[in-house]
1. Could you derive backbone 3J(HN,Hα) for the stretch 60-70 from the dihedral phi with the Karplus parameters 6.51, -1.76 and 1.60 (θ = phi - 60°), listing whole Hz in sequence and x where the residue is Gly or Pro?
2. Which order do peptides 87-98, 2-13 fall in by mean Cβ count within 10 Å, highest first?
3. Just tell me which lysines come within less than 23 Å, Cα to Cα, of residue 43; anything on the same chain fewer than 8 places away is out.
4. With +1 on the Cβ of every Lys and Arg and -1 on the Cβ of every Asp and Glu, and nothing else charged, how large is the dipole of the chain about its Cα centre, in debye rounded to the nearest 20?
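No value in this document is a laboratory result; all are computed from the given coordinates. All figures in this text were calculated on a predicted structure; none of them were measured in a lab. FYI the Cβ positions are ideal-geometry reconstructions off the backbone, even for glycines, and counts take in every protein chain you see.
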Amino acid sequence: QVQLAESGGGLVQAGNSLRLSCAAARDTFRRYAVGWFRQAPGKEREFVATTQWDAGRAFYADSVKGRFTIVRDNEKGTAFLQMNNLKPEDTAVYYCALARFITTTDTEYEYWGQGTQVTVSS
């Protein structure tokens, strides 16, 4: 079983930034695409961003494009989600996950972290 550990969530005012981290065992992490998803209260989980195993490609949800950046460091077994110009509608629990190939579909991700709360106040 692969364990993922997210960190970096918190409470920020709109317009500010946060950087989320996702750590996993390096030897596994480097072979998988990594994705970020989020789930707001009363809503379904939604795709945020993903990058393939070698960071050659990345996809973003339209709602975060231009504000969020996904980065990975395979040597450290860590992925980051840099979130700039945060908005109240970005408030959610954010999850990182690993998939065998780059995809925006949550059901295709095999391993999931426990999530980290991001709250953006207006």
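1. Residue by residue, the stretch 60-70 yields 9, 5, 4, 5, 10, 4, x, 10, 10, 9, 9 Hz.
2. 87-98, 2-13
3. Within reach: 65, 87.
4. So the magnitude is around 220 debye.
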